[in-house]
Amino acid sequence: MSPIRTLSAIYPIRLRADLPRDVADAYWAGPHAELVKRGGHIAEYRQYHFSATDHGYWPATPTVGTLPHELFRWDGVTEIRLLNLAEMARAAVGMLDTIFHDEQNVFDNVLGHLCGRGGATRWSGSTTEPGHRTVLLLRRRRGTPFRQFKQYVHDRLAVALQAAGALDVRAFTFLPITGITHRTPGLAHVYPPSHRHNGAVIFGLPQRDDVPGLLAAPPVAEVIAEQASVLTAVHAYSVDRTEDVIISDHEVTP
């Protein structure tokens, strides 16, 4: 099975610490999501709501960190897919007075990561809906060429997960322009370099208990053994629930 390229962006979010977590989480999935629906020009908008306790379960290897620091641990990720660059610009304009100003009501911090040409891929075709999903946030080892990192994420890690039986595998490598891609009022858009991420992989399984078996599968174990040559961190987050806010049948050819 060959992956489909998409024009995508990934937005890790931290919910407001001065609101009860369940209240902020419900606002993100409710009123904020409704504003996104009305904005238009977005082909797919999906929220991954992370577990508050289940994270850091990716296998560690020497010099590769797997435990996100409590001060910099994310509460979820938004995945956005667009049809083309023109629609991306129209979506941004439409958000200026609505969604962007609403983010201060629910988020403390949002980092916007755009994926360039060939920087987002997904494996579709399975009719089985995952019962559980994991989001991996990846930090590239400095000194590793971006092309090598990109090949590892898309052609090694994601392919291995798909070959081992993971469902709905999606891989992303971020353009190095986070500082200018998302500037909304009333919240932060910065993280220290040692706690930033440069890519992500999202995969599903029938249930959470299936994760250890997947990680032990030979194709996945092989790429884990290689990860220190490309990565300094792999932070695994268990997804409590996935909210499909906008879904489109249109595929993207950036």
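Would you mind stating whether ASP209 is over 23 Å from THR53 (Cβ atoms) and acidic (Asp, Glu)? Spelling it out, it is not the case that ASP209 is over 23 Å from THR53 (Cβ atoms) and acidic (Asp, Glu).
Go over the candidates LEU138, LEU167 one by one and state the one that is of a type in the set (A, V, I, L, M, F, W, C), touching a Ser or Thr at 6+ places or on another chain (Cβ under 8 Å) and either more than 19 Å from GLN47 (Cα to Cα) or surrounded by 15 or more Cβ atoms within 10 Å (Cβ to Cβ) (or both).
On the way: LEU138 fails: touching a Ser or Thr at 6+ places or on another chain (Cβ under 8 Å).
Just one listed residue meets the conditions, LEU167.
With respect to the conditions (1) at positive phi; (2) at pLDDT 90 or above, ASP54 lacks only one, and its number is (1). Residues that are farther than 16 Å from VAL201 by Cβ and in contact with a strand residue (DSSP E or B) (Cβ under 9 Å, 6 or more places away or on another chain) within the stretch 12-22 comprise ILE13, ARG14, LEU15, ARG16, ALA17, ASP18, ARG21, listed in sequence order. In the stretch 17-47, the qualifying residues are those that are of a type in the set (D, E, K, R) and more than 18 Å from the chain's Cα centre (by Cα), and the one that is nearest to LEU7 (Cα to Cα) is LYS37.
In summary, ALA217 fulfils each of the numbered conditions (1) surrounded by fewer than 17 Cβ atoms within 10 Å (Cβ to Cβ); (2) touching a residue at least 60 places away in the same chain (Cβ under 8 Å); (3) more than 19 Å from GLN148 (Cα to Cα); (4) not aromatic (Phe, Trp, Tyr) with the single exception of condition (2). Listed by position, the helices (runs of 4 or more DSSP H) inside the stretch 87-190 whose residues that are at pLDDT 90 or above number at least 3 are 146-151, 158-163. Restricting the stretch 1-16 to residues that are touching a residue at least 60 places away in the same chain (Cβ under 8 Å) and farther than 14 Å from GLY76 by Cβ leaves a set whose member that is nearest to the chain's Cα centre (by Cα) is ALA9. Among the residues of the stretch 209-225, the ones that are within 10 Å of ALA160 (Cβ to Cβ) and out of contact with any strand residue (DSSP E or B) (no Cβ under 9 Å at 6 or more places or on another chain) come to 7 in all. Can you name the residue in the stretch 117-135 that is in contact with a helix residue (DSSP H, G or I) (Cβ under 8 Å, 6 or more places away or on another chain) and closer than 11 Å to ALA171 by Cβ and, of all such residues, is surrounded by the fewest Cβ atoms within 10 Å (Cβ to Cβ)? Checking each candidate, the answer is GLY118.
Can you list the strands (runs of 3 or more DSSP E) lying wholly within the stretch 1-84 that have 1 or more residues being polar (S, T, N, Q) and in contact with a helix residue (DSSP H, G or I) (Cβ under 8 Å, 6 or more places away or on another chain)? Quick ask: steps written out before the conclusion?
Numbers: elements: 7-15, 44-55, 76-82.
Where strands (runs of 3 or more DSSP E) fall fully within the stretch 1-84 and carry at least 1 residues being polar (S, T, N, Q) and in contact with a helix residue (DSSP H, G or I) (Cβ under 8 Å, 6 or more places away or on another chain), they are 44-55.
Count of the stretch 225-234 residues, restricted to those that are surrounded by fewer than 19 Cβ atoms within 10 Å (Cβ to Cβ) and aliphatic (A, V, I, L, M), is 2. If we scan the stretch 66-82, do we find a residue that is more than 18 Å from the chain's Cα centre (by Cα), farther than 20 Å from ALA188 by Cα and at pLDDT below 95? No, the conditions are met nowhere in the stretch 66-82.
The values are calculated or read from the model by the stated rules, or taken from the named source; none is laboratory data. Worth saying up front: this structure is predicted, and the values here are computed from it rather than measured. Cβ coordinates were reconstructed from backbone atoms using ideal geometry, including for glycine residues, and neighbour counts include every protein chain displayed.
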